[in-house]
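The values are calculated or read from the model by the stated rules, or taken from the named source; none is laboratory data. Computed from a prediction, not measured in an experiment: that's the story for all the values here. For neighbour counting, all protein chains shown are included, and Cβ atoms are generated from backbone atoms with ideal geometry for every residue, glycine included.
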Amino acid sequence: MPSHDVMPDIELYQPVQVEDALALATRLADRGWLLGGGQDTYGWLKDRTKVPEAMIDLNGIESLRGIRETADGVEIGALTTLTELVNNPLIKERYSLLASAAERVASPQIRNVGTVAGNVAQDVRCWYYRRGLSCYRAGGNLCYADTPEGMNREHAIFGASRCVAVTPSDTAPALVALEASMVIRSESGERVVAAEDFFIGPNVDIQNTTVLRPGEILTSVRLPTTWANATFYFEKVADRNAWDFALVSIAAVMRESGGVIQDARFVAGAVQCTPRRLLDVESAVRGQPRTEATAQSLGTLASQGAQPLNHNGFKLHLVDSLAKRALLG
Amino acid sequence: MTFMYIGKNFTPPDVQGKITGQARYAEDFRKEGMVFARLLTSPVPSGMVRNIDASEALRMDGVVGILTADDLPAAPRPGVPALTNELTYVGQPILALVAISEQIAENALERIKLDIERRPFVVDPLVSLAAGGPDAYPEGNVMARTADGMALKSLKWAPQSVEAFRNGRDPGDVEFTTEWSYGDLDAAFAECSVIVEEPFVTAGYPHHSLEPRTCMSYWENGRCYFHGSLQSQSAANAPLARMLGIELKDLCFINETTGGGFGSKIGPYPFMAISGYLSRNLNRPVQVRITREEEFFIGSARSGMQGWIKAGLKPDGKVAAVDVIIVNDGGSSGSGSGSSSAGAISVVYQPTAMRFRGVSVFTNTTPRGAQRGPGQNEMHAVLAPIMDKAANQLGIDRLAFRRLNAPDNNAKVEANQGPVTSAYMREAIDMGSLLFDWPAKISQPRRNGSKVIGVGVGMAYHGAGNNGFDGIVRIGPDGKIYLHTGVGNLGTYSYAGTVRAAAEVLQCRWENCEIVRGNSDLGLPHSSGQGGSNTIFTHTRSNYVAAMDAVGKLKEIAAAELGGTVDDYSIGEERVFKTATPTEGLTYAEAAQRAITLGGRYSGAEYPDDINELTALAVQRIAGSGLIGVAKDNLEKNGTAPGLAIGFAEIELDLDTGKYDIRDYLGVAECGTVVHPKGLSHGMNGGGTWGMGMAGFERHVYDPQNGLPANIGLYQSKPPTILDVPVVMRNAAVNIADPQTPIGARGIGEPAMGCAAAAVMSAIADALGGHLFNRTPVTPDMIIDHVAQNTYNNKSLKINTF
């Protein structure tokens, strides 16, 4: 077992137009690998756990960068760095939930190069899978984490389907809460997918965490005005306060009127393979004031239906607590 | 005593290079014709390599060689072989492949085919101790004394004993490999009004030195030039020369800067043989760059503990009796620190009677070795809340309890109950209580919504000083003072702090001094290894005696030239002069020139008989270049020089999330005279940060199903970040001179960490109403599980949890 850390031999393409990148992505298909900020890429490739033949470096495509105001909100270029997201006036003013989430990603150094597209499209962080073991997600026929002795403290309490890995993205729950849509292009055109549908669990596709398919590129993320300047709450609980993935996170958006919540979306991260809408919580808080009594009434709604593994029962209490804290702000 | 330099801040000369990137580490050195070796490591936790087929790899363009275990002298087993066919942990190096580039070497590794016979493996010591449990080696799981010396044997406990131990009870009549005791334990317990009995688990975890242990070496004219990454400089030469099978004079060891070692790089590690042998075999410079991942595997780790303790307090609060059992996770090297752990209890709480029983069990996990306060620091951490519980049961304030039992000048140390050189722990406690405002902190309101305040205190100890090493100072004919030091540049700046003792004695301008270090060909004296917090004590002494030798020679030269006796002369302003008529004298430059002319002991042509061979070689190198002061430290030392520290922590713990903020932290050092205030402050804060990591974050995690480590990378091992520790960490020092060393200074490196870990652990328990986790680290999930009253799945002393 070599402890690799040198890049393997790989063809490198550096297109400067999206069209050229799409052509390459189509031609190379499964043999190709899209490179953004590289914060997920380099681990896989240097470890040689994934061995694509070619890399399509998207960083020369200027049109994939930047944050633009649109008629119906804001459009964020796929290569926009997380630091740019955090500091952008439009995002800070209208969608501070996303800025808060982006600010909790990893570390300043990683945020300076990591992109919004990379953050949402990154692969799961299950250490067994990352280690290169032949698990279900890697094309094998077993899950090492979902066993009585598996080291599964950070794994899923919902939505297990052979694989029990969780979504590692901090921005994903915020994007789902904000009803973002993901703009996906391919040589055959463009499709726009709701963030909530962009992420897919192992019951849908055991080897992919998003709907992106070979030949497709996530080119931007759109934030509608629906939740602009709403009441927001984001909290990420991780072992460390920097350079760590969430044990559980929560992103919530609420519209209040007349002292009660008119509408709300509560989304938890790191509890299942995709950002999890806490639909029961949302139903319970609609029409209710943001008070301690309402919070207490949530009880264990957030964790209802959870099926903890041997080492992650704490996530039930944590997601319940975070739902209450999100309500109270 | 009034000092010119001791106790004053200064900027060590290598600091700028570290900030600007100019500092050179082993990996930065290049040599014409250099080739690159990469390691192929074990994919299995236990097994035997039956065959290596490297034929395809060796046929690749650019591949120039291979080194396997068969090419190296047989390594003692069990141990830490540089390369091996007997595999005892995942990540263990099997072979090194050499190519003209790293790229080629890595590609070639993938062409090598290994035929491995798998063997049973074990990652938890208690699983191995249980009857029928696997042993990490075919011959056994522990080292035990036999008629033929120490040897591997299979040690098993009865199922009911293992079960009792797992459930926090004395395992009863079982076999240990190490035992010691003093005093009448039963009689001492009989005097106690409070007895606490608790199990504990402390996690092992990797050193993760920021600079992986890369080596580069080459040979010229039969001499080996070796660039390495060690904590120590001169302490490396003799063992490295032995490793390479050459004489001391034929080794030039170069180590200007080291990016952390923390105990894992005190002396040469076996893997240094790889570049040494390869470069000799190939007759080309060879670099073995160690990757981040390899550093996890071969860079050593702290041993974990599974233990049980029974401690008794007399009605007056004095600790009368301690009975402790420790099972160490020795990893594949079998190294455990249980005796040191118990010894630390004997120092910090001064029980009148004590017993230790322990066994270090081999597991198929990474090799274990010394890591900052090995044994002591994790013991202090896990013990602090237990002792808090005892004090609380007795109704005595936790700090008052510690003060009552604190070591002083009459303190006794460890198993043999030997003396200390001095100890002023009560003074440290009083200083800390005042600065931290302990009375106010413990009486403040504790609860605010989901947040609760916890206040903690913890003490720590480590032996902190040796003696008997050599010093060299050289006064050049240019008038400069060359302070030769064999102390390594491990990041503590002790190499610079200790030579200040020589400058102090010589009463010379600091800006006229040059520190000579980092390359044994420069003439560096025999020195202690930079481990065990010893350097400040040990080498202020060796520098002192060398400088005193130089002063004596200055006076002799002056007396010979200007008349009178040496007693008629003084030094000052870089002159030696007649005390009565100061205008009559010689400058240091003039005296150095006279020394060269005089030769003999003045120029280094002759030197004392009792200095080490390395020092003699060093003096031979610099002989004739000035006035040479050289001496062995034969100063008196009676007892253990203790490094002591006390930490205070105030945390705000969130019951919803299991997270806590450390709102205030104060560490107080009791390390004799402070040599370098800024350095001490950095040491206390750095150690404090690491202690917070021990309390809350860092641990080994091995999957028992496949023997794989879960957290190899830095981000997975989770040393604390800047956002996990207080913005401002406070520290102070008692600053009372130790009477058994001329400068008065003792070391403090290791207790700086242990006291912080203990204080934070104490604060967590305090915040939770005295709840004991009996485990380090305490992570958010554990706190949440406690708050939510979930069944806590770590209760059975499992050493690997996640």
Inset, instruction - Please verify whether region A:127-137 includes one or more residues that are basic (Lys, Arg), buried (at least 23 other Cβ atoms within 10 Å of the Cβ) and more than 10 Å from chain B (Cβ to nearest Cβ). - result: yes
Inset, instruction - Return yes when residue B:435 is of a type outside the set (Gly, Ala, Ser), touching a residue at least 60 places away in the same chain (Cβ under 8 Å), part of a loop (DSSP other than H, G, I, E, B) and closer than 30 Å to residue B:382 by Cα and no when it is not. - result: no
Inset, instruction - Identify the residue in region B:748-788 that is within 14 Å of another protein chain (Cβ to nearest Cβ) and touching a Lys or Arg at 6+ places or on another chain (Cβ under 7 Å) and, among all such residues, is nearest to residue B:428 (Cα to Cα). - result: B:777
Inset, instruction - Exactly one condition in (1) in contact (Cβ under 8 Å) with a residue 12 or more places away in the chain; (2) out of contact with any Asp or Glu (no Cβ under 6 Å at 6 or more places or on another chain); (3) surrounded by fewer than 24 Cβ atoms within 10 Å (Cβ to Cβ) is not met by residue B:216; state its number. - result: (3)
Inset, instruction - Determine whether residue A:248 is closer than 24 Å to residue A:196 by Cβ, within 14 Å of chain B (Cβ to nearest Cβ), out of contact with any Leu (no Cβ under 7 Å at 6 or more places or on another chain) and surrounded by 16 or more Cβ atoms within 10 Å (Cβ to Cβ). - result: no
Inset, instruction - Would you check if there is a residue in region B:496-506 being buried (at least 24 other Cβ atoms within 10 Å of the Cβ), in a helix (DSSP H, G or I) and of a type in the set (Ser, Thr, Tyr)? - result: yes
Legend entry - region B:85-128, subset assigned to a helix (DSSP H, G or I) and more than 10 Å from chain A (Cβ to nearest Cβ), residue nearest to residue B:166 (Cα to Cα): B:126
Legend entry - Residue within region A:288-304 that is within 14 Å of chain B (Cβ to nearest Cβ) and assigned to a strand (DSSP E or B) present: no
Inset, instruction - Look at residue A:86 and say whether it is in the same structural domain as residue A:246 (by TED's automatic domain parsing), part of a helix (DSSP H, G or I) and either at pLDDT 95 or above or more than 17 Å from the chain's Cα centre (by Cα) (or both). - result: yes
Inset, instruction - Report yes if residue B:253 is within 28 Å of the chain's Cα centre (by Cα) and in a strand (DSSP E or B), otherwise no. - result: yes
Inset, instruction - Inspect all residues belonging to region B:708-726 and state whether any of them is under 30 Å from residue A:130 (Cβ atoms), facing another protein chain (nearest Cβ under 9 Å), in contact with a Leu (Cβ under 9 Å, 6 or more places away or on another chain) and crowded, with 24+ Cβ neighbours inside 10 Å. - result: no
Legend entry - Options B:799, B:764: the member that is farther than 27 Å from residue B:672 by Cα, buried (at least 24 other Cβ atoms within 10 Å of the Cβ) and not assigned by TED's automatic domain parsing to the domain that holds residue B:650: B:799
Legend entry - Where a residue in region A:2-25 is over 27 Å from residue B:40 (Cα atoms) and its partner, wherever it lies, is at pLDDT 95 or above and basic (Lys, Arg), with Cβ under 7 Å and at least six apart: A:18/A:185; A:22/A:185
Inset, instruction - Please enumerate the residues belonging to region A:127-161 that are in contact with a Cys (Cβ under 7 Å, 6 or more places away or on another chain) and without any contact (Cβ under 8 Å) to a residue 40 or more places away in the chain. - result: A:128, A:129, A:135, A:142, A:143, A:144
Inset, instruction - Please note which strands (runs of 3 or more DSSP E) are completely contained in region B:1-84 and include at least 2 residues that are over 30 Å from residue B:361 (Cα atoms) and more than 14 Å from chain A (Cβ to nearest Cβ). - result: B:63-68
Legend entry - Scope region A:200-242; condition within 14 Å of another protein chain (Cβ to nearest Cβ), under 16 Å from the mean Cα position of the chain (by Cα) and either crowded, with 21+ Cβ neighbours inside 10 Å or farther than 30 Å from residue B:717 by Cα (or both); matching residues: A:234, A:236, A:237, A:238
Legend entry - Residue count, region A:1-33 (criterion: within 14 Å of chain B (Cβ to nearest Cβ) and among the small types (Gly, Ala, Ser)): 1
Inset, instruction - Determine if region B:781-795 includes at least one residue that is under 22 Å from residue B:377 (Cα atoms), in contact with a strand residue (DSSP E or B) (Cβ under 7 Å, 6 or more places away or on another chain) and surrounded by fewer than 23 Cβ atoms within 10 Å (Cβ to Cβ). - result: yes
Inset, instruction - Identify the residue in region B:12-63 that is closer than 20 Å to residue B:271 by Cβ and of a type in the set (Asp, Glu) and, among all such residues, is surrounded by the fewest Cβ atoms within 10 Å (Cβ to Cβ). - result: B:28
